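Peer 1: My questions all concern the structure below.
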Amino acid sequence: MAKILKDLRPVYVVGVGWHRYQPLSDTPYVMLGLPAIRQALADAAIAWPDVESSYIGTGLLGMAAGRAMLKHLGATGRPLVHIENASASGSAAFRHACIEVAAGIADVSLAVGVDKPGIVQRAFTKTGIGNLADDAIVPFTHFALLTNEYADKHGVKPQDVALVAVKNHRNGALNPNAHRQQARSLEEILGGKPVSGTLTALQCCPVGEGAAAVIVASEDAIKRLGIDPGRAIRVTASAASSEGAGAHATADAAITKDTIADALKQASVAPTNVDVLELHDAFTVEELHYVEAMGVCKPGQAIHLLKEGAFDIGGQMAVSPSGGLIAMGHPIGPTGVGQIGEITLQLRGDAGPRQHKGAKVGLAHMVGLGAVCYVHVLERP
């Protein structure tokens, strides 16, 4: 039987940092990534030479982006790995940093995500093997169809799904690192720029630029470096998977169900015992699919719990208190790392106006084009 994170030595998040997610600007990516890393180092109260390895998650920058960035912190000669895994690039970087510390290869490791929008050709366009619907079913059309299907199947209006965006824009308005920082009414969201079907621009994630950084450490490092153990949040599960045979229109929900189940089993946590949930909500209907796939409620019930406020900050479970991809933004490389940072703040009790009272368990979920899925569980010791 394969070992899981809990079988190895404990891993803790000890530092988090961001550069605000924002629309494309003239700011070089190096000047996005460095402030996030420096903030994470300051948060952990350690120095750059204390970091023994670095994992850089990017989806849009091209080769060797980390080397040109990290040299400004000082040349330490420590291992550096670049990871591209579509939307899950940052999540993959975090997972491998955790594995390295858990295995005892390093005591302190950095996971950083940084990206800027650009023209990137997806590899599957170069395979020479086309699909009949490549030009017709683009992502927003796909999720517009899933929105209609969900509404029809469960007897709700497609417009009701936009309530996910109302909640997440409200949360984003409380987050100084969010791309979108304005609360929106349902009328504003429905009246926004049409995208596809009932989907409007404010129901879809903005893909901008930014950075997020997380530092993980062992118990030995926490003691040796004088890191405050009261601010260290344990990573109790890391699960990853890729798409299986027979993929269909709801493949993302299917892979999510299996990967979250794996992570929760590793952590010995029931779905309803998760206090803070950060999801890959690139489009509003995804939140409903993934909450149901997680086992929080039966199929079709998520929309009703949403209306009752169960997923609000202060509700049964805070879902995307950062604002999620819809309001926090989705700069690709940083997204999964930023989710870990948000959960860390929540479990420390440091999330300010976004704080979900009494949060002890958090779960971060990301799907990547392809599809891959990464899920992490964090707990307050």
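The values are calculated or read from the model by the stated rules, or taken from the named source; none is laboratory data. All values derive from a computational prediction rather than experimental measurement. Ideal geometry is used to build each Cβ from the backbone, glycine not excepted, and the neighbour counts take in all protein chains shown.
Peer 1: Using the structure shown, decide if Gln159 is under 24 Å from the mean Cα position of the chain (by Cα) and either free of Cβ contacts under 8 Å to residues at least 60 places away in the same chain or within 17 Å of Val207 (Cβ to Cβ) (or both).
Peer 2: It is false that Gln159 is under 24 Å from the mean Cα position of the chain (by Cα) and either free of Cβ contacts under 8 Å to residues at least 60 places away in the same chain or within 17 Å of Val207 (Cβ to Cβ) (or both).
Peer 1: Specify the residue that is surrounded by the most Cβ atoms within 10 Å (Cβ to Cβ); the eligible residues are those in the stretch 182-191 that are in a loop (DSSP other than H, G, I, E, B) and out of contact with any Leu (no Cβ under 8 Å at 6 or more places or on another chain).
Peer 2: My answer is Ala183.
Peer 1: Search the stretch 93-119 for residues being of a type outside the set (Gly, Ala, Ser) and over 21 Å from the mean Cα position of the chain (by Cα), and hand back the single one that is modelled with the lowest pLDDT.
Peer 2: Ile119
Peer 1: While we're here: Could you list, in sequence order, all residues of the stretch 271-285 that are touching a helix residue (DSSP H, G or I) at 6+ places or on another chain (Cβ under 7 Å) and either of a type in the set (A, V, I, L, M, F, W, C) or crowded, with 23+ Cβ neighbours inside 10 Å (or both)?
Peer 2: Scanning the stretch 271-285 gives Val276, Glu278, Leu279, His280, Asp281, Ala282, Phe283, Thr284, Val285.
Peer 1: Let me ask something else about it. Could you go through the stretch 240-249 and let me know if any residue there is closer than 23 Å to Gln355 by Cα and either outside any strand (DSSP E or B) or of a type in the set (Gly, Ala, Ser) (or both).
Peer 2: No, the stretch 240-249 contains no residue that is closer than 23 Å to Gln355 by Cα and either outside any strand (DSSP E or B) or of a type in the set (Gly, Ala, Ser) (or both).
Peer 1: Now, a different point. Quick check on the stretch 37-55. Is at least one of its residues part of a strand (DSSP E or B) and either on the phi > 0 side of the Ramachandran plot or out of contact with any helix residue (DSSP H, G or I) (no Cβ under 7 Å at 6 or more places or on another chain) (or both)?
Peer 2: No, the conditions are met nowhere in the stretch 37-55.
Peer 1: Among residues belonging to the stretch 94-108 that are charged (D, E, K, R) and assigned to a helix (DSSP H, G or I), point out the one that is surrounded by the fewest Cβ atoms within 10 Å (Cβ to Cβ).
Peer 2: Filtering the stretch 94-108 for residues that are charged (D, E, K, R) and assigned to a helix (DSSP H, G or I), the one surrounded by the fewest Cβ atoms within 10 Å (Cβ to Cβ) comes out as Glu100.
Peer 1: Of all the helices (runs of 4 or more DSSP H) wholly in the stretch 300-351, which have at least 1 residues that are under 10 Å from the mean Cα position of the chain (by Cα) and of a type in the set (A, V, I, L, M, F, W, C)?
Peer 2: Filter on the stretch 300-351 gives 324-327, 335-348.
Peer 1: Residues being surrounded by fewer than 19 Cβ atoms within 10 Å (Cβ to Cβ) and part of a loop (DSSP other than H, G, I, E, B): count how many of those fall in the stretch 151-180.
Peer 2: 5
Peer 1: Let me ask you something else. Residues in the stretch 204-216: is at least one farther than 19 Å from Phe283 by Cβ and either hydroxyl-bearing (Ser, Thr, Tyr) or surrounded by fewer than 24 Cβ atoms within 10 Å (Cβ to Cβ) (or both)?
Peer 2: Among the residues of the stretch 204-216, not one is farther than 19 Å from Phe283 by Cβ and either hydroxyl-bearing (Ser, Thr, Tyr) or surrounded by fewer than 24 Cβ atoms within 10 Å (Cβ to Cβ) (or both), which makes the answer no.
Peer 1: How many of the residues in the stretch 21-51 are closer than 21 Å to Gln346 by Cβ and surrounded by fewer than 19 Cβ atoms within 10 Å (Cβ to Cβ)?
Peer 2: So the count comes out to 2.
Peer 1: Go through the stretch 256-270 and count every residue that is surrounded by fewer than 22 Cβ atoms within 10 Å (Cβ to Cβ) and either touching a Leu at 6+ places or on another chain (Cβ under 6 Å) or more than 19 Å from His356 (Cβ to Cβ) (or both).
Peer 2: Looking only at that region, the number is 7.
Peer 1: Something else about it: Would you check which residues across the stretch 1-20 are in a loop (DSSP other than H, G, I, E, B) and crowded, with 17+ Cβ neighbours inside 10 Å and list them?
Peer 2: Ile4, Pro10, Val11
Peer 1: Do we have any residue at all in the stretch 136-149 that's buried (at least 16 other Cβ atoms within 10 Å of the Cβ), modelled with pLDDT of 90 or more and over 24 Å from the mean Cα position of the chain (by Cα)?
Peer 2: no
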